[in-house]
1. Among the residues of region A:223-266, write down those that are open to solvent by 30 Å² or more (accessible area, probe 1.4 Å), outside any helix (DSSP H, G or I) and out of contact with any strand residue (DSSP E or B) (no Cβ under 8 Å at 6 or more places or on another chain).
2. Would you confirm whether any residue within region A:47-68 is among the polar types (S, T, N, Q), more than 15 Å from residue B:102 (Cβ to Cβ) and free of Cβ contacts under 8 Å to residues at least 60 places away in the same chain?
3. Taking residue A:94 as the residue in question, decide whether it is in contact (Cβ under 8 Å) with a residue 60 or more places away in the chain and within 13 Å of chain B (Cβ to nearest Cβ).
4. From the residues in region A:150-183 that are more than 7 Å from every other protein chain (Cβ to nearest Cβ) and surrounded by 24 or more Cβ atoms within 10 Å (Cβ to Cβ), which one is nearest to residue A:213 (Cα to Cα)?
5. So residue B:34 fits all but one of (1) within 22 Å of residue B:252 (Cα to Cα); (2) crowded, with 21+ Cβ neighbours inside 10 Å; what number is the exception?
6. Out of everything in region A:184-196 that is of a type in the set (A, V, I, L, M) and more than 11 Å from chain B (Cβ to nearest Cβ), what residue ends up being farthest from residue A:91 (Cα to Cα)?
7. Kindly evaluate residue B:155 against the criterion of being of a type in the set (Ser, Thr, Tyr), part of a loop (DSSP other than H, G, I, E, B) and more than 30 Å from residue A:166 (Cβ to Cβ).
8. Give me the residue from region A:63-90 that is surrounded by 24 or more Cβ atoms within 10 Å (Cβ to Cβ) and within 18 Å of residue A:263 (Cα to Cα) and, out of that set, farthest from the other protein chains (Cβ to nearest Cβ).
2 protein chains.
Amino acid sequence: MSSYGERLAAVTAERGRLCVGIDPHRGVIEAWGHEYGLAGLEAVARGMVDALGDVVAVFKPQSAFFEAHGSAGVAVLERTIADARAAGALVIVDAKRGDIGSTMAAYADAYLADGSPLAGDALTVSPYLGFGSLQPALDLAHTTGRGLYVLARTSNPEGAGVQTAVGEDGRSVAQGIVDAATEANAESGQGAVGLVIGATREDAGCDVSRFNGSILAPGIGAQGGTIQSLAEIFGPATDRVLPSASREVLMRGPRRAELREAVARLNLR
Amino acid sequence: MSSYGERLAAVTAERGRLCVGIDPHRGVIEAWGHEYGLAGLEAVARGMVDALGDVVAVFKPQSAFFEAHGSAGVAVLERTIADARAAGALVIVDAKRGDIGSTMAAYADAYLADGSPLAGDALTVSPYLGFGSLQPALDLAHTTGRGLYVLARTSNPEGAGVQTAVGEDGRSVAQGIVDAATEANAESGQGAVGLVIGATREDAGCDVSRFNGSILAPGIGAQGGTIQSLAEIFGPATDRVLPSASREVLMRGPRRAELREAVARLNLR
């Protein structure tokens, strides 16, 4: 079994480093010519994979937009994940799950276990309950060769109140997450633990110069981030960055050629 | 339409203040005499409501244990929510969702919108992205008379790293959440914003003396918290506390009389 870090390196070497977010909100579904509802959700989500599955390295479906349609929407997420993996792309399920103990283990079972219909290749997780609370997910990710992306420093202005607060050891909350992730990767050697750091601020908001995993950087395109600014934000860690664009690509659909052109334009090799 | 605060006050006045967690993990499903799987999940989750729906004020199904069975498990969660509400109990969907902008709005649509099959009466949310990131959920909760429980200070030891870090204003992250929630309730007058604070530490870990909403306190019973210790932990805010027990009740099933006896013993009036 290959590790998440190895699989990510292989697919991005071949296809480039752009991660395409699948965020089928009402505006996107309507822009694709569908009424807002389950059928429109499925047309957009699976249509994205159909149009781009052979050229995009990583898809990042956003679970919230599927959950908004109830369990039937979650079933569409399962089919979208299956399509993308069948097309040879990796899937980061963007669900920002986080809990403790047996509950965290259950989220791991859902998103990181072999054979689970909701399991992609990696999961975004939220560390409000502490980095250590994520341990059951780390353990399963290491066992199944999957990855985690832990929220560290996000681009929304309201994030600062929590993420820049300073702990007893003098480090910010975000830096504590970065350092704990670095340590977890050093121990496992798998590169299974990534970070989520927004690409729309002036700097990373934390020191990632020693970080040894993948950095998911949402916000490219419609949210104001640019591929050109990544080096300014991330410095020497730029070659670890997986820039992620959602609306900027999604709104070109359902026109296949335009979707592929947007990916070619934004891609990073 | 009545507000969440009004509905919670009415049902707890009638039935007492115990919140019963529905955490159908493998051990519980097997203890109820079922194989681990979808049928066992449904037997436990809906069996809990069947046995207790007329005596428990609030059920708190834990989404992770349903998601672990994929979208079919999420459909069981929908049926469990419907059963509980039909029995006159309130439902706090424990999913600890959190995101920003249109994504947070989509989670709100899933769990707080009228007519959504996943909507209970309240939702637990996680504020790593800042209290302000929850605004789309606050707005919808106020519109539909539903509630939010925001993670503030949890009982797991790893939680301290994030929750006790200190912001520029000299307050801890947890205190910042408490104060923002207090302000939101003062503005709306609805009591829609609650807090999640663990009941298994020596103190609340934050000052809740001015707090004006409901406090969900998980950890009663098997996790070590006791109803007797609530007054020590929460002081004058104790009458706002919704103590929550999961395993302590669940493991008495499927024996109906034992389940009802456990609720009667733990209940708080």
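1. A:223, A:224, A:228, A:251, A:252, A:254, A:255 - these are the residues of region A:223-266 that are open to solvent by 30 Å² or more (accessible area, probe 1.4 Å), outside any helix (DSSP H, G or I) and out of contact with any strand residue (DSSP E or B) (no Cβ under 8 Å at 6 or more places or on another chain).
2. There is no residue in region A:47-68 that is among the polar types (S, T, N, Q), more than 15 Å from residue B:102 (Cβ to Cβ) and free of Cβ contacts under 8 Å to residues at least 60 places away in the same chain.
3. The answer is yes for residue A:94.
4. It comes out as A:181.
5. (2)
6. A:186
7. no
8. Among residues in region A:63-90 that are surrounded by 24 or more Cβ atoms within 10 Å (Cβ to Cβ) and within 18 Å of residue A:263 (Cα to Cα), the one farthest from the other protein chains (Cβ to nearest Cβ) is A:90.
The values are calculated or read from the model by the stated rules, or taken from the named source; none is laboratory data. Since the structure is predicted, the reported quantities are computational estimates derived from the model, not experimental observations. Counting neighbours? That spans all protein chains shown, and the Cβs are built from the backbone with ideal geometry, glycine included. Please note that ligands, DNA and RNA were not included when accessible areas were found on the heavy atoms of the full protein model with its side chains. Shrake-Rupley method; radii C 1.70, N 1.55, O 1.52, S 1.80 Å.
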